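Below is one structure; the comments refer to it alone.
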C-alpha cells in the first residue's frame, strides 16, 4: 500500500513534469522558440512523467512494466535532456552513444527479476547511469555557455546539473555500501522514501529551470548577434565594430594601431552582369578571404555596401602594408565563380596608421582619403596617409 505523503509527492512530481511537457510544447508550437530543442525537451518531460507514474505502481504490480520499463522511460528522459541541449546550442549530438548507454542500462537491469528483492540492485544501476548523464549534461552546458558568456555565468548555469549528478552518485554509493539494508529508501511508495521524493521534486524543478535559462541565454545571444552582425557576411556591422574598437583603445590607450578601408573595384559591374545574388555571394566570399588572413587581435567589419574596414591593433606601418598586399594578392589568386562565369575581384585599399595625436575618427578620415587616392591611381592598389 502506498504511503499517503508519498502519493502526494508523486502526484506533485507528475504535475510538474506534465506542465513542463506542455510548456515546452507551446515553446515549440506555436511560439517557435528553438522549436527542435523545445520539442525534445517536451518529449523528455513526457518520458520522465511516464517513468515516475509507472514506478508509483510498484506497490500493487510487480512486473517488468513497473520496474525495468519504468526505469527505461525515466532514464531515457534524462538522456533526451542532453540531446535537446545539444540541439539548442547547435552542437554535434551524441545520440548514438547516449542511446547505447540507455540500452546497456536496460540490458543489465533485465538480468534481475522485477520484484522488491531486486530494488537496491536496480536502483544502483539507475543511479549510476543517471549520475553519468547529468555529469555529461553539465559539461555540455558549461562548455557551450562559456563560449558565449563569462566563465562565472557558465558555472552558474551548469551548477544545478552538477549538483544532481553528485546526488545520484551519492545515492549509488549509498546503495553499494548498505546493499539490501538500503532498500526501504529506494522504493518511492514508502514513508522512508519521502526524502528521495522531495529530491525528485527538486530534480524536476531544477532541470526545467536550468533548461529554460539555457534557452533564454541562447535567445538573448541570438538577438545580440542580429544586432551586432551584418546579416549578409556575418562580420561585425559598423556600429558594433566602432563600439568594440572604442573598448580596445580604452584598454590599450598607448598601443599603435592601423586602419584599412577596402572598397571592391567595379562591384556594380558584378551586380549588373551576374545579378544581385552573385554580388551577395561575392561579398560573403570576400569577407571569408579577409578573415583567413587576420589574427585574433584584428577586427573586420562591413563598413557599407562593398566596403570593408579592418582595424589592426598593435600593428606597425610595415605590418599594415604587408597585410594590405596579402589581401590584394589573395583576391587576385582566388577567382570568384558564379554559375558558368569566372571573375577576378580586386580592391582599392586606403591605409592609415596612428600617431600620438590621432584618434580613431581621424584615422578613418585619413583611410577614406587614401582609398580614394587608390581609386584615382587606377584601382587594385594601396595608398597610405
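The values are calculated or read from the model by the stated rules, or taken from the named source; none is laboratory data. Small disclaimer: the values here were computed from a predicted structure and weren't measured. Note: ideal-geometry Cβ built from the backbone for every residue, glycine included; neighbour counts use all protein chains shown.
Across region 248-268, the qualifying residues are those that are assigned to a helix (DSSP H, G or I) and modelled with pLDDT of 90 or more, and the one among them that is nearest to residue 353 (Cα to Cα) is 267.
How many of the residues making up region 327-340 are surrounded by 14 or more Cβ atoms within 10 Å (Cβ to Cβ) and not in a loop (DSSP other than H, G, I, E, B)? If you could, list the steps in order and put the result at the bottom.
The initial filter retains those residues of region 327-340 that are surrounded by 14 or more Cβ atoms within 10 Å (Cβ to Cβ), namely 327-328, 330-331, 334, 336, 338.
Remaining after also requiring not in a loop (DSSP other than H, G, I, E, B): 327-328, 330-331, 336, 338.
Total meeting the criteria: 6.
A quick yes/no check of all residues on (1) under 30 Å from residue 16 (Cα atoms); (2) crowded, with 16+ Cβ neighbours inside 10 Å:
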site: 207; (1), (2): yes, yes
site: 218; (1), (2): yes, yes
site: 222; (1), (2): yes, no
site: 256; (1), (2): no, yes
site: 259; (1), (2): no, yes
site: 264; (1), (2): no, yes
site: 267; (1), (2): no, yes
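Are any of the residues in region 320-330 more than 19 Å from residue 291 (Cα to Cα) and touching a residue at least 40 places away in the same chain (Cβ under 8 Å)? Among the residues of region 320-330, not one is more than 19 Å from residue 291 (Cα to Cα) and touching a residue at least 40 places away in the same chain (Cβ under 8 Å), which makes the answer no. Given the structure, is residue 232 in contact with a helix residue (DSSP H, G or I) (Cβ under 7 Å, 6 or more places away or on another chain) and either over 28 Å from residue 314 (Cβ atoms) or surrounded by fewer than 17 Cβ atoms within 10 Å (Cβ to Cβ) (or both)? Yes; evaluated as a whole, the condition is true for this residue.
Annotation note: Cβ proximity below 7 Å between a residue of region 119-141 that is touching a residue at least 24 places away in the same chain (Cβ under 8 Å) and a residue that is buried (at least 20 other Cβ atoms within 10 Å of the Cβ) and not in a helix (DSSP H, G or I) (sequence gap 6+ or interchain) occurs for 119/186; 119/187; 120/186; 122/67; 123/186.
Would you mind stating whether residue 14 is in contact with a helix residue (DSSP H, G or I) (Cβ under 8 Å, 6 or more places away or on another chain) and either outside any helix (DSSP H, G or I) or under 29 Å from residue 220 (Cβ atoms) (or both)? Answer is no for this residue.
Under the condition of being surrounded by 15 or more Cβ atoms within 10 Å (Cβ to Cβ) and part of a helix (DSSP H, G or I), the residues counted in region 341-364 number 3.
What residue, of 175, 197, is touching a residue at least 60 places away in the same chain (Cβ under 8 Å), within 30 Å of residue 18 (Cβ to Cβ) and assigned by TED's automatic domain parsing to the domain that holds residue 22?
Just one listed residue meets the conditions, 197.
Would you please name the residue that is nearest to residue 334 (Cα to Cα), looking only at residues in region 287-319 that are in contact (Cβ under 8 Å) with a residue 60 or more places away in the chain and not in a strand (DSSP E or B)? The selected residue is 319. Determine if region 274-282 includes at least one residue that is surrounded by fewer than 12 Cβ atoms within 10 Å (Cβ to Cβ) and either in a helix (DSSP H, G or I) or not assigned by TED's automatic domain parsing to the domain that holds residue 151 (or both). Yes, region 274-282 contains a residue that is surrounded by fewer than 12 Cβ atoms within 10 Å (Cβ to Cβ) and either in a helix (DSSP H, G or I) or not assigned by TED's automatic domain parsing to the domain that holds residue 151 (or both).
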